[in-house]
Each structure stands twice: as structure tokens, then as C-alpha cells.
Amino acid sequence: MRKFKAEIFQALAHPTRIFIVQSLAQGEMTAGKISEVVGITQSNASQHLAILRNKHVVETRKDGNSIYYRLRDPLFGEMLDKMRQYVVAQAMVAMNHVAEDQDANASVDNVE
């Protein structure tokens with residue numbers, strides 16, 4: 001189970017792949033649409049999608065000549081949303097610490 005989890009985190013260990021997963025959380029898309037949304041070449045998108053597919057994060061559906069990509073499970077999108085919430089909360093904590101340090105330094109400066 002730990003190895004499987006590690007493989008998923010490896011698949012998500014690139015900012016572009018995270019962007020792709022976040023985009024696919026909105027619904028399935030072709031590689032061309034993904035490359036347009038993410039702002040990368042279609043060949044680059046295909047490389048990232050292959051990694052995500054090999055790690056069972058995304059799956060495909062063929063419709064005529066088009067191949068559509070979608071998240072294998074909507075939980076991936078939810079997981080990334082939870083991670084975003086965590087990062088925002090940690091940033092707020094860090095900003096509060098900086099503000100407290102600035103207030104403390106201003107108090108010391110006023111005493112001198």
C-alpha cells in the first residue's frame with residue numbers, strides 16, 4: 001500500500017502534472033485541450049499524461065479519432081483541493097508569524 005501511495009505522489013511530483021490533474025477535475029479533455037489550458041505543447045502534455053496514466057491517476061476514452069482523458073477517480077481532484085487548503089493555511093500561519101515579528105521589532109525600536 002505504501003509503495004502504491006508513493007507512486008501516486010511521484011506522479012504528482014511535477015507542477016505541470018498537478019495543473020493537469022486540477023484541470024481534469026473539471027471534466028474530461030483531449031490532450032490538445034489540456035495543452036491549451038495548461039499552456040504547454042501537445043507533445044509535452046502527452047508525456048505528462050503518459051506518466052499519469054501509467055500511475056493510474058488518469059484514464060482514457062476514445063471517441064472516433066479523439067482520445068479523452070479523465071481522472072480515474074474524482075478523489076484525486078478532492079485530494080489536491082485539500083492540499084491547496086493545507087498550503088493556504090500554512091501560508092497564513094507563516095504570514096502571522098512574520099507580522100508578529102514585525103510588531104515585536106517595532107516595539108523594540110520604539111523603546112530605544
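The table for this structure:
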read-out	value
Verdict on Gly32 being outside any helix (DSSP H, G or I) and among the small types (Gly, Ala, Ser)	no
Search result, residues across the stretch 42-71 that are among the aromatic types (Phe, Trp, Tyr) and within 19 Å of the chain's Cα centre (by Cα)	Tyr69
Residue count for the stretch 10-19, restricted to those that are outside any loop (DSSP other than H, G, I, E, B), touching a residue at least 40 places away in the same chain (Cβ under 8 Å) and hydrophobic (A, V, I, L, M, F, W, C)	2
Residue that is within 15 Å of the chain's Cα centre (by Cα) and more than 16 Å from Phe19 (Cβ to Cβ), where the choices are Val98, Val88	Val88
Single condition Phe76 does not satisfy, out of (1) modelled with pLDDT under 95; (2) loosely packed, with under 11 Cβ neighbours inside 10 Å	(2)
Residue count for the stretch 40-65, restricted to those that are closer than 15 Å to Phe19 by Cα and either part of a loop (DSSP other than H, G, I, E, B) or among the β-branched types (Val, Ile, Thr) (or both)	5
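The values are calculated or read from the model by the stated rules, or taken from the named source; none is laboratory data. All values reported here derive from a predicted model rather than from experimental measurement. When we count neighbours, we look across all protein chains shown, and the Cβ atoms used for this are built from the backbone with ideal geometry, even at glycine.
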